[in-house]
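The values are calculated or read from the model by the stated rules, or taken from the named source; none is laboratory data. All values derive from a computational prediction rather than experimental measurement. Every residue, glycine among them, receives a Cβ derived from its backbone with ideal geometry; neighbour counts consider all protein chains shown.
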């Protein structure tokens, strides 16, 4: 897996796509990139020029959710009107057979005191005494502890090292807020330095500018290094989703 912990993307990435279906598909490419390269976190920061962060985060959350749980966690809304065009993530826990066996891992969500796991029957949750139960309205990974005709018991899944399940989505009111809790940050800019191994550290957060302004236009003196991951671009600009794929691919190549 890449040493990238977080993608920090603008809430204006769809501002040049007035067609809502095209906009939704563009959002889906961000989630698709995160899944392909195993990025666990996406932060969507608001751009004062075009504040669509709530919708972008909502679509990404929907995409990150296992298909068999989406109808339980996402009521119909205008934000999700065109999610049928989203590219599927095809993550292992998104593509499971319609039955369970003991030892299987899958996603679940709290439904009252029981767990919805996308089957006809809900499961009972066995939580260790020292562990808080999952919050309602959020998916979480579970292991099937017992699978009988009359009862299914699940326990929270503990991910193994380098095991990738899906990505988590957060929102930030500004780029500065999004950067606040990041250990190491790397910005992408056509004015940046060539990418080298020295730029890459564990738990790295990658920052992308808006469709109208690069990082150097948004911040007078960025408090983090900038790299140019498309040094020979022949277009006036590179779209956010294009920059993400190019940057992650180049990082993988450098490593």
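A few points about this structure:
- If you go through the range 60-91 and pick out every residue that is free of Cβ contacts under 8 Å to residues at least 40 places away in the same chain and part of a helix (DSSP H, G or I), you end up with 8.
- Pairs linking a residue in the range 11-39 that is without any contact (Cβ under 8 Å) to a residue 24 or more places away in the chain to a residue that is assigned to a helix (DSSP H, G or I), with Cβ atoms under 7 Å and 6 or more positions apart or on different chains, are 17/23; 17/26.
- Residue among 188, 177, 166 that is touching a residue at least 40 places away in the same chain (Cβ under 8 Å) and closer than 15 Å to residue 226 by Cβ: 188
- Qualifying residue in the range 95-114 (condition: over 22 Å from residue 165 (Cα atoms), in a loop (DSSP other than H, G, I, E, B) and modelled with pLDDT under 95): yes
- Scope the range 120-142; condition surrounded by 10 or more Cβ atoms within 10 Å (Cβ to Cβ) and under 19 Å from residue 64 (Cα atoms); matching residues: 134, 136, 137, 138, 139, 140, 141, 142
- Scope the range 47-59; condition crowded, with 16+ Cβ neighbours inside 10 Å and in a loop (DSSP other than H, G, I, E, B); matching residues: 47, 50, 52
- Selection of strands (runs of 3 or more DSSP E) fully inside the range 119-227 by the criterion of at least 1 residues being at pLDDT below 95 and in contact with a helix residue (DSSP H, G or I) (Cβ under 6 Å, 6 or more places away or on another chain) returns 184-194.
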